[in-house]
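Let me begin by presenting the structure, written as structure tokens, before commenting on it.
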Amino acid sequence: MSRTITILGSTGSIGTSTLDVVAGNPEEYRVAALAAGNNLDLLCRQIEQFRPELVSVATEEGAQAVKSRFGSSVEVLVGQEGLVAVATHEAAEVVVTAVVGAAGLLPTLEALKKGKHIALANKETLVAAGHLVTDLAKHKGCALLPVDSEHSAIFQCLNGERRSDVERILVTASGGPFRDKTREEMAQATLQNALNHPNWAMGAKITIDSATLMNKGLEVIEAHWLFDMPYDQIDVLVHPESVVHSLVEFVDGSIMAQLGAPDMRVPIQYALTYPTRRPAQYKRLNLLEASSLHFRAPDLDRFPCLRYAYDAGRIGGSMPAVLNAANEVANALFRDERISFLDIERVNATVMERHDVLGNPSLEDILSADAWARATAREVAQKL
């Protein structure tokens with residue numbers, strides 16, 4: 001019997017990889033709805049191949065273009081209303097949340113209210129409002145199934161284990177394109193340099209976050225909420241080969257790791273088929289070819305964004321949402337070549353310093369803090 005899914009962010013790297021998994025297993029999945037942004041050409045090809053009942057796009061102009069091509073054969077909605085409609089589609093059993101940034105928060109909450117299981121690739125949702133999301137998932141009996149390779153690895157290592165037996169979680173990081181660069185070299189880094197990730201093919205925003213190690217910081221906060229682990233028991237290991245996707249150390253000294261080729265389709269498929277596994281034809285890891293694996297501690301002096309994320313997580317309340325929003329703005333300004341690479345961390349630090357933290361924030365508080373942080377980040381960036 002097939003499982004019906006919807007995808008938020010169908011034209012991004014996770015969305016296209018998810019649809020690749022679906023295409024390879026047509027008897028296993030049915031796609032009921034897709035939400036995309038402005039990549040209409042790709043969306044139209046997805047509509048032709050997967051025949052969803054509903055799609056969402058970013059603009060009214062985009063909606064008219066899709067309607068003119070497909071007529072009444074597919075319903076087309078726009079913006080936040082469309083994202084929520086895709087997330088809450090009546091037929092959906094699993095919602096793959098792969099939109100970038102805090103835009104994924106409201107659709108994810110609405111999907112949980114409707115009792116949908118979430119295949120989570122939008123880490124910013126848990127960073128901004130982890131307490132709200134996890135409480136609602138628990139109340140509704142919904143699974144939060146991690147799609148990020150690191151969190152999928154931890155999830156797999158914890159299967160069947162008692163959480164009280166866990167000593168710490170070790171989240172691996174490739175180190176990004178600047179892992180061996182000096183601060184002086186990073187100060188001169190171009191956008192193209194930062195987008196040249198050595199191991200993974202990802203969207204531009206995530207690739208820049210990988211270059212600053214902010215992506216790993218956001219993943220630490222996500223791991224805190226997904227696995228109910230204190231920050232003092234979550235460590236980051238730089239692992240340049242990206243073969244060990246993460247590890248769990250237990251109280252008896254045993255360390256369990258999940259290894260695999262760097263291919264996002266593997267954790268995506270596991271999230272979609274959990275608690276079972278299905279055969280896959282993706283490239284396998286050959287340990288004889290891997291030869292050697294290296295690990296080292298991250299350098300928080302060269303990559304302070306990782307430290308900021310730990311600080312924000314430990315402070316809690318509205319601070320993680322503020323850091324996330326500031327970083328989204330700074331990341332976008334760098335991609336627009338309006339600030340330098342090291343200005344990203346300066347914006348993040350300054351916005352955090354200016355924020356008056358709200359404890360146990362409501363959704364309204366989080367959205368307000370998010371808006372304040374974005375405005376403040378733009379103001380700070382203008383003065384750099």
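Look at Asn331 and say whether it is closer than 30 Å to Ala369 by Cβ and either modelled with pLDDT under 95 or among the polar types (S, T, N, Q) (or both). Yes; evaluated as a whole, the condition is true for this residue. Of note, Glu345 does not satisfy the criterion of being over 29 Å from Asp20 (Cβ atoms), in a helix (DSSP H, G or I) and open to solvent by 30 Å² or more (accessible area, probe 1.4 Å).
Within segment 55-86, if we keep just the residues that are within 27 Å of the chain's Cα centre (by Cα) and either assigned to a loop (DSSP other than H, G, I, E, B) or among the hydroxyl-bearing types (Ser, Thr, Tyr) (or both), the residue that is farthest from Val99 (Cα to Cα) turns out to be Thr59. Of all the residues in segment 228-264, those that are of a type in the set (D, E, K, R) and either modelled with pLDDT under 95 or open to solvent by less than 40 Å² (accessible area, probe 1.4 Å) (or both) number 3.
Taken residue by residue, segment 117-125 has at least one member that is farther than 28 Å from Met319 by Cβ, of a type outside the set (A, V, I, L, M, F, W, C) and touching an Asp or Glu at 6+ places or on another chain (Cβ under 9 Å). Which one is nearest to His239 (Cα to Cα) among residues in segment 265-295 that are hydroxyl-bearing (Ser, Thr, Tyr) and surrounded by 16 or more Cβ atoms within 10 Å (Cβ to Cβ)? The residue in question is Tyr270. Checked against the criteria, Asp209 counts as open to solvent by less than 10 Å² (accessible area, probe 1.4 Å) and among the charged types (D, E, K, R).
The residue list Val21, Val95, Val31, Val74 contains one member that is more than 25 Å from Gln281 (Cα to Cα) and either open to solvent by 50 Å² or more (accessible area, probe 1.4 Å) or hydrophobic (A, V, I, L, M, F, W, C) (or both), which is Val74. Note on segment 144-187: residues that are hydrophobic (A, V, I, L, M, F, W, C) and open to solvent by 50 Å² or more (accessible area, probe 1.4 Å) total 0.
Taking segment 107-148 as the range and being of a type outside the set (D, E, K, R), out of contact with any Lys or Arg (no Cβ under 6 Å at 6 or more places or on another chain) and part of a loop (DSSP other than H, G, I, E, B) as the test, the residues that pass are Ala121, Asn122, Gly141, Cys142, Ala143, Val147.
Restricting Leu306, Leu293 to residues that are over 30 Å from Val95 (Cα atoms) and either touching a strand residue (DSSP E or B) at 6+ places or on another chain (Cβ under 9 Å) or not in a helix (DSSP H, G or I) (or both) narrows the list to Leu293.
The values are calculated or read from the model by the stated rules, or taken from the named source; none is laboratory data. All of these numbers come straight from a predicted model, not from anything done at the bench. For neighbour counting, all protein chains shown are included, and Cβ atoms are generated from backbone atoms with ideal geometry for every residue, glycine included. Just the protein is used for accessible areas: all its heavy atoms, side chains included, with ligands, DNA and RNA removed. Shrake-Rupley method; radii C 1.70, N 1.55, O 1.52, S 1.80 Å.
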